[in-house]
Every structure is written in C-alpha cells, then in structure tokens.
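The structure under discussion appears below in the form of structure tokens.
The values are calculated or read from the model by the stated rules, or taken from the named source; none is laboratory data. Quantities reported herein were computed from a predicted structural model and do not represent experimental measurements. Ligands, DNA and RNA are excluded from the accessible area calculation, which covers all protein heavy atoms including side chains. Shrake-Rupley method; radii C 1.70, N 1.55, O 1.52, S 1.80 Å.
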Amino acid sequence: MSLPEKVRLVEVGPRDGLQNEAQPISVADKVRLVDDLSAAGLSYIEVGSFVSPKWVPQMAGSAEVFANIQQHSGVTYAALAPNLRGFEDALAAGVKEVAVFAAASEAFSQRNINCSISDSLQRFVPIMEAARQHGVRVRGYVSCVLGCPYEGMISAEQVAPVARELHDMGCYEVSLGDTIGTGTPGATRRLFEVVGAQVPRDQLAGHFHDTYGQALANVYASLLEGISVFDSSVAGLGGCPYAKGASGNVASEDVLYMLQGLGIDTGIDLERLIAAGLRISEVLGRASGSRVARARNAR
Ligand SMILES: CC(C)(COP(=O)([O-])OP(=O)([O-])OC[C@H]1O[C@@H](n2cnc3c(N)ncnc32)[C@H](O)[C@@H]1OP(=O)([O-])[O-])[C@@H](O)C(=O)NCCC(=O)NCCSC(=O)C[C@@](C)(O)CC(=O)[O-]
C-alpha cells in the first residue's frame, strides 16, 4: 500500500499529556499551551476532560481552559467525556467535539472508568443521542489495544468488536490506543488488518505511547496500513494515570519530522511546534521528551 499524501495529527498533549502530571499546572499555562499549538498549525487539539476530579485532578479546570483559549475557525478543540454528566458539562463549556473512551481490557476498563467494557459502551449511548441533538461530533477511543498493564497480552480480535461498536453507535473515528507502549510494528500492522476489516481504515486512528521506544516505528507501520490520523503529544508529554510506568505519547515534533521527511503534508509548522513544546517543558521543569526538539535546541 502506498503512503497517504496527507496526515492529520490529533494533538493530545494538553489532555493526555497534562492529565498525568503530579505538579499543579495553572489554567494560564494550559491556555498558553493550547494557543501555541493552534498557532503552530495543529487543526485538532484535545484541550481537556470532563471527568471526575477525584479520579483525574489535573483536568479539573477544563471548563476554565475552554473559556480562555483563542478558538480559531478550522481548528477542532475537543474534550473527553466518560458519561452523560461529563458530556453536559462539556456542552455547557461550549465544547463542539467530545471523545468517549472504552478499553479492550476488562481490568483496565474497571480501573479507568469503574465499569465493565459492556457497561461503558451502554453508558455512551445516551451521550451519542445527546450529541446528535446538539450537533456535537463524537470520537471514540479504545485503550490497551496492544497490551494491558493488568492483563498482559491483548489480541487484535479483542479490540475489533469494541472498535466496531463505537463506530456503529456513531463515533466518526475510532482511535486505537497502545496505552502502555508495548506494541511493535508487526503487531501494529496486524491490529489494523484485523480491526480494519470491521471499521473502515479511513475512520481509524493510531495512538501510541512511547514506553518501549516503539511509537514512531508503530506510526510508520500504521502508515503502511493506510492509516492517516495519529494522536501525538507535544514534547512527548504524558502517560496514563491508570497505567503505571507508561510514558507519554509519541512526540508530535518527532512524528512531524518523520512525516516531513516522507513528503507527507500536515499543515503544521515544525519550528513553532518545537517552541510550544520547549515552553511547556520549561513550565514543567524538565527537558522536552521530543528528540527532534532536543536536537534543535542544542544547536
Ligand atoms: C467515569 C467515572 C466518573 C466513574 O466514576 P464512579 O465513581 O464510578 O462514578 P459515579 O457516577 O459513582 O460518581 C462518583 C462521583 O464522581 C462524580 N462524577 C461522575 N461523573 C463525573 C463527571 N463526568 N465529571 C465530574 N464529576 C463526575 C459524581 O458526581 C460523584 O461525586 P461525589 O458524589 O462523590 O462527590 C470516573 O471513573 C472517571 O472520571 N474516570 C476518568 C478516568 C480518566 O479520565 N482516565 C484518563 C483518560 S483515558 C486515557 O487516558 C486513555 C486514552 C484515551 O488516552 C487512550 C490510551 O492511551 O489508551
């Protein structure tokens, strides 16, 4: 299969990245990050989550973040909603796109959202109905698609029905999350072969954490399978509060550098993206998790 001409990056740093930080991050710093990212040309930014603050305290100020960012036309500013309450809070904050999140592993589903996979899918039905009424688009996630921190191996055959159900209930795109970053390129290709038989490949996305250093290779493997949407995190921010030891998503700068080398268009300015990542890394008091950003910064 030939490589796609265009790729859309879904920037998840402000949500997937910052949700995992131990230190408090001010609303002003979050707003600045989102604004820097839209200025760099990202067309899709996951800004926050409307989840229980007892479960994920870092996302507590999401409504305030939405109220203060500069929203540009042509840019999607999305939020996670685990239940109808979260959807209604997102709607009240003016959010136009939400993401629901399920898992391919029962144990992870319990730890992450306190219910079984099947109950979580049932919980999303009223969200889908309300979203249709309000003209809100819904994206879906499946976690643990290439391994689970509690159950170990997860087969592509376990992932496919969950992805299909999200698609069938109306998610316009389903992002497959390698939550703990154990996946390798061969397993990634097989995952998209199997899930791609149930959900059209142009409605699937890849979401790779870099814990085992495989994320960029997995993005490339997915490109070979015809996938053209990838979630990534500026400066490689993040991890997962319910997956101990998981490192951040593949760094947006590193994915962009690779895509530019392949001649694939994204509409994103690499230098501005690097600057956005260096700024938030400085706020967090550590080096950027992007190798491209570190190399450029050292020059
Ligand atoms: C789903 C629940 C709420 C169930 O949690 P629960 O305890 O079963 O819910 P509950 O309905 O019994 O409510 C308990 C309390 O939470 C409140 N509550 C209930 N709903 C909300 C809400 N929406 N917003 C704010 N508060 C809420 C509710 O009002 C109540 O408050 P209390 O009476 O105790 O004061 C909880 O488990 C939760 O919030 N989990 C979120 C977990 C999370 O955000 N994980 C990270 C995102 S997923 C991820 O990172 C993976 C991904 C997507 O990136 C892909 C990958 O890499 O794999």
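Tell me, rounded to the nearest percent, the portion of alpha carbon pairs in the range 194-263 spaced more than 15 Å apart.
Beyond 15 Å sits 54 percent of the P(r) for the range 194-263.
Inverting the mean 1/r over all pairs of different Cα atoms, compute the Kirkwood radius of the range 140-299 and quote it in Å.
Computed over Cα pairs of the range 140-299, the Kirkwood hydrodynamic radius comes out at 15.9 Å.
To one decimal place, what Kirkwood hydrodynamic radius in Å is obtained for the range 8-298 from all pairs of distinct Cα atoms?
Hydrodynamic radius (Kirkwood, Cα pairs) of the range 8-298 is 18.5 Å.
In whole Å, largest first, what are the principal axis extents of the Cα atoms in the range 97-146?
33, 20, 12
Once you keep just the Cα pairs under 8 angstrom separated by 6 or more residues, what percentage relative contact order results for the chain?
Once normalised by length, the contact order is 20 percent.
So, with a 1.4 angstrom probe, what is the percent of accessible area on the range 8-298 that is carbon and sulfur?
48 percent
Helix-only estimate, please: 222 nm mean residue ellipticity of the chain, summing -39500 (n - 2.57) across DSSP H runs of length 4 or more and dividing by its residues, to the nearest 500.
Per the formula, -12500 deg cm²/dmol.
With every protein chain left in place, what is the accessible area per residue of the chain in square angstrom, probe 1.4 Å?
Each residue of the chain exposes 40 Å² on average to a 1.4 Å probe.
Which Rg and Dmax, in Å, describe the Cα atoms of the range 203-242?
Cα-based Rg and Dmax for the range 203-242 come out at 10.7, 31 Å.
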